[in-house]
1. Determine which aspartates and glutamates satisfy two conditions relative to LYS37: a Cα distance under 19 Å, and not lying fewer than 8 residues away in the same chain.
2. Net charge within 12 Å of CYS304 by Cβ-Cβ distance, Lys/Arg positive one each and Asp/Glu negative one each, not counting CYS304 itself?
3. About the Cα centre of region 236-401, how large is the charge dipole given +1 on each Lys and Arg Cβ and -1 on each Asp and Glu Cβ? Please answer in debye to the nearest 20.
4. Shape of region 236-401 from its Cα gyration tensor (a ≥ b ≥ c, root eigenvalues): rounded if a/c is under 1.5, otherwise prolate when a/b > b/c, or oblate?
5. What's the center-to-center distance, using Cα atoms, between region 163-192 and region 318-352 in Å?
6. Any chance you could list the semi-axes, whole Å, largest first, of the equivalent ellipsoid that the Cα gyration tensor gives for the chain, using √(5λ)?
7. Just grab the label-to-label distance for ASP48 and ASN226, each label 7 Å out from Cα along the Cβ direction, in nm (one decimal).
8. From the residues SER112, HIS165, LEU303, which one has its Cα farthest along the dipole of the chain in the positive direction, the dipole being from +1 and -1 charges on Cβ of Lys/Arg and Asp/Glu about the Cα centre?
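All of the numbers you see were taken from the coordinates with simple rules; none came from a lab. Being a predicted model, the structure only gives us computed values, none of them experimental. Please note: Cβ atoms are built from the backbone with ideal geometry, for glycine as well, and neighbour counts cover all protein chains shown.
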Amino acid sequence: MKYFVTGLLIGLAVLFSQCLHSGRSCDPRGGGYAGSKACKRCHEEISDDYSHSHHFQTSSIATAEELKGLIGPLAREAADLADRVYFADSSYVRVEEVPGSFLQSCYRGTRSSRSERFDIAFGSGEKAQTYAYWKDSQLLELPLTWYASQRIWANSPGFSIRRAHYERVITSRCFECHASYIGKETVQSGPLSLTEKLDRNSIVFGIDCERCHGPAAQHVRYQAENPGVKTARYIVPIKSLTRQRQLDICAACHSGNDLSPQRSIFSFVPGDTLSHFYFPEFAADIRDPDVHGKQVQLLESSLCFRRSTMTCMTCHNPHETENDKLAGFVSKCMDCHQRSAHAATIFGENEQKKRHFNLSGANCLDCHMPLQMSKTIYFNSGSGEKNIPYFIRTHKIAVYK
Ligand code: HEC
Ligand code: HEC
Ligand code: HEC
Ligand code: HEC
Ligand code: HEC
Ligand code: HEC
Ligand code: HEC
């Protein structure tokens, strides 16, 4: 056994050094991929900006340091109820720190009945962060989710308040939108059921450059070998794609997580047609799309979209995080709406207020892209308490009452 392990380690070491020497990455997605570290050499500014983006941070290993950075110190006093979420069976779950990691432990009275570790985090934590723990080759969701805008722990979205749940399986589908890769094997677990076995060593965390730009190893090799060439080769120029193909890149993840996939969107590359990846939606969902995750359908139903050639990139820079840049969005509206009298007046007033760093709520967004409550995502802080709504800005740009 010992010799086998040593042999394996030597084998891995040789393989790894071969990857290094050949200048090729050992990306779990295969040799076509270079990995986002390889881009920094020539695209330094974009890479630096992007490393702080919510896209890049939307999944990670839940280390103790990162958790502390996000949630701050835990309540120390045993009497402090702030970190507890109660359930109808009078049990409660609390977050506990042990050396090097955090646990979510379920108590009834003073007896702990179950305790699982924070292994993987989903969501950048801008709005919320959900956690999962490994059980063999399955990932299971932890009962509590960090709800950032209220700075509280809440029952994970969709979980019942009857008791604490530790059994909800996280599938590779979450990774398809929140990460860049996970390997899996589908095994028959019953006469009619299939179970996924996830390969935890194959995960590429975060949404990396090649999720949107496609495999770029050949681009990296060519540009490195031909430093005199200042134009790009072996990479899809997104700007030259048709409007629909550009929208499809974002729509792969921003048209909702209730669509039925025909195949994994890990294999989607720019230029692909998204309707080959998802089955068509039911009419009812199309008429009334939820604000959570369905930015594409909402935007498509706006007059702005139908009467112009706008794409997501008209307002968003996909490489940057745009927190607190409302003023920047308002000026995008004005690129097309100079002739609207009230818009021009409001914009002028806002410009004046901006000089005093005091942008009021009187910008276009509060009236024409208001915050709306998600119908599908809501939280509750345990038994006896009302649901806590989850607000997202709608992308149906319109006149609201
Ligand atoms: C050895 C240098 C080099 C490396 C490494 C490199 N690129 Fe490039 N890339 C270039 C050059 C040169 C251009 C053309 C000039 C420009 O647009 O910056 C370019 C252009 C691009 C473009 C724009 C294409 C277009 O026409 O719109 C994209 C997208 C791109 N690279 C993605 C990547 C990604 C993703 C990586 C990492 C996996 C990467 N590049 C690594 C040199 C490099
Ligand atoms: C969420 C999707 C997404 C991700 C992730 C992404 N890009 Fe882009 N990138 C785009 C889109 C879309 C465009 C076209 C921009 C436009 O139309 O204005 C673009 C354009 C570019 C360009 C050419 C235009 C420019 O702005 O110079 C380069 C170079 C580039 N990306 C490199 C990168 C690198 C390097 C990374 C990773 C650090 C990365 N991108 C990550 C979507 C993405
Ligand atoms: C692979 C899936 C995926 C793709 C492709 C993708 N997104 Fe996202 N996007 C996400 C996820 C997941 C989040 C939530 C990030 C978080 O955890 O805060 C997000 C968040 C965002 C946000 C909010 C960002 C913020 O700073 O809080 C914007 C804006 C956005 N995406 C625009 C785009 C645009 C534009 C495109 C196309 C160029 C695109 N996305 C492509 C998955 C994706
Ligand atoms: C089809 C793509 C898709 C799938 C599948 C998906 N998500 Fe998301 N998720 C998103 C997008 C897009 C956002 C951000 C925009 C929004 O909420 O409208 C988001 C937001 C989140 C957030 C809040 C992030 C923040 O701070 O803003 C969490 C947490 C989250 N998702 C967890 C999960 C988990 C866990 C799963 C699997 C059970 C999952 N998601 C499946 C696309 C997806
Ligand atoms: C690419 C150009 C473009 C951009 C950017 C744009 N719009 Fe529009 N919008 C239009 C067009 C075209 C119409 C159709 C009416 C018209 O021609 O004035 C329209 C219509 C509207 C309407 C009337 C909607 C209705 O249903 O009656 C509102 C309100 C509006 N826009 C607000 C905004 C706001 C707010 C923003 C910024 C968040 C914005 N628009 C950004 C092009 C744009
Ligand atoms: C007319 C301008 C405009 C266009 C076009 C646009 N957005 Fe947005 N988007 C905004 C504004 C404004 C916000 C709110 C920013 C804020 O509150 O900080 C926003 C926020 C978001 C968010 C974060 C939502 C939230 O509340 O967490 C996501 C995700 C997003 N956009 C995705 C997209 C996608 C995908 C597309 C293309 C289908 C798109 N946007 C097109 C203006 C636009
Ligand atoms: C206090 C709420 C409010 C604010 C703030 C606001 N609007 Fe409006 N807007 C309205 C209402 C109400 C209408 C419908 C009025 C009508 O039909 O005469 C409207 C109509 C519009 C229209 C279609 C009719 C027209 O005037 O062309 C556009 C375009 C528009 N708004 C753009 C904007 C932009 C851009 C901003 C920000 C600079 C803005 N609005 C700020 C309430 C608002």
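1. Reachable aspartates and glutamates: ASP27, GLU45, ASP48, ASP49, ASP208, GLU210, GLU225, GLU320.
2. Working: positive: ARG306, ARG307, LYS332, LYS396; negative: GLU300, ASP335.
So the environment of CYS304 carries a net charge of +2.
3. Dipole about the Cα centre, nearest 20: 420 debye.
4. The shape class here is oblate.
5. Cα centroid to Cα centroid, the span is 42 Å.
6. Working: eigenvalues 257, 218, 91 Å².
Result for the chain: semi-axes of 36, 33, 21 Å.
7. Going from the ASP48 label point to the ASN226 one covers 2.9 nm.
8. Toward the positive end, the furthest listed residue is LEU303.
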